[in-house]
Amino acid sequence: MATIAFIGLGNMGGPMAANLVKAGHTVKGFDLSADILKSVAASGVTPASSIEEATSGADTVVTMLPKGAHVLSVWSNLASAVKSGTLLIDCSTIDVGSARKAHELAAGANCLSLDAPVSGGTGGAAAGTLTFMAGGSDGAFDRARPVLEAMGKKIVHCGGNGAGQAAKICNNMILGISMIGVCEAFALGEKLGLSHQALFDVASTSSGQCWSINTYCPVPGPVPTSPANNDYKPGFAAALMLKDLKLAQEAALAAGAATPLGAEAAQLFDLFDKQGHGGRDFSAIIEMLRG
Ligand code: NAD
């Protein structure tokens, strides 16, 4: 069993750390928020008052932070706080460039490192059913596998440094585009007098089928568990979808890739966010698309 320092115990990190404890690992946690630190103690995570205290004696460090700047700042501190040979895993969703810089910081401190962003949301974090997309060396991946298995049900080694983040933003660009496509189809169907159920019954079993319709249908009724049946409470907040679409656009610009639909999806979610809907589930964008 590993001795783990977990940095960033928010909506995702808190339940992920709790699942590490459930699997038998020893976990010390640190977060800038004193309230969050108090609340995680109930799940068996030992609260630490600094990164140094959390990492003392740890063989593995997991970070789950908002953005690339936070990860680089914390990993700079880690590089001087941890012992040589420590495994550093970042599960945040961040830009590919920052992820690669974080790997360089780890290498400079003789540590193994993995970028390992997740999909599955807060529900998957609580249930321990996240999907991990990992980037880094075979050695880092092999050592991280038992730690990731305590928090997720599917773990994919996508390639070298930054490959996990690359897979995450490509996947979420598909999701953002496909959700807009499904919303447009339902909005058009409504204007043509088609019932939601009829369109669902056809498209979910025909060539239009995709996760955005089959599992996460953006209108109430056909898929009772989708956020549309719960007043579009997230789920996956529109602000987080916008964050991921912007990361995809940054990466596309840097790599010289043409992503016209990804760019359009980013603009539509930006407008939806500016209209004050960033906290709602991203499938609520159907309301804006109805016009
Ligand atoms: P969150 O804001 O709830 O948690 C982030 C935590 O990091 C906060 O508690 C904050 O206090 C802490 N933090 C920030 N800087 C810190 C520092 N220097 N030292 C210690 N703690 C620090 O965010 P979240 O929803 O848990 O998301 C975390 C990451 O996971 C993000 O990158 C997000 O894009 C990604 N993600 C989120 C979801 C989701 O559904 N919430 C799904 C997939 C991926």
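All of the numbers you see were taken from the coordinates with simple rules; none came from a lab. Worth saying up front: this structure is predicted, and the values here are computed from it rather than measured. Glycine also receives a Cβ, built like all others from the backbone with ideal geometry; neighbour counts cover every protein chain displayed.
So here's what we get for this one:
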{"quantity": "Pairs of Lys in the chain closer than 19 Å at Cα, counting only those 8 or more apart or on different chains", "calculated": "18"}
{"quantity": "At least 27 Å along the helix axis (C-alpha) and Kyte average at least -1.0, DSSP helices within the chain", "calculated": "163-191"}
{"quantity": "Taking segment 1-132 and dividing mean pair separation by its residue count, relative contact order in percent (alpha carbons under 8 Å, at least six apart)", "calculated": "23"}
{"quantity": "Cα-based shape type of segment 13-135, given that a ≥ b ≥ c are square roots of the gyration tensor eigenvalues and the cut on a/c is 1.5", "calculated": "oblate"}
{"quantity": "Quotient of C-alpha Rg and 2.2 N^0.38 Å, computed over the chain", "calculated": "1.06"}
{"quantity": "Among 34, 17, 81: highest mean-square fluctuation, GNM of the chain, C-alpha pairs under 10 Å", "calculated": "34"}
{"quantity": "Electrostatic dipole magnitude of segment 153-273 [Cβ: Lys, Arg +1; Asp, Glu -1; Cα centre; debye, to 20]", "calculated": "400"}
{"quantity": "Segment 26-73 and segment 235-284: distance between their alpha carbon centers, rounded to Å", "calculated": "29"}
{"quantity": "MRE, 222 nm, helices only [DSSP H, n ≥ 4, -39500 (n - 2.57), over the chain, to nearest 500]", "calculated": "-15000 deg cm²/dmol"}
{"quantity": "Most mobile listed residue (131, 46, 205) in the chain, GNM with C-alpha springs under 10 Å", "calculated": "205"}
{"quantity": "Computed over the chain: relative contact order in percent, which uses C-alpha pairs under 8 Å that are six or more apart", "calculated": "13"}
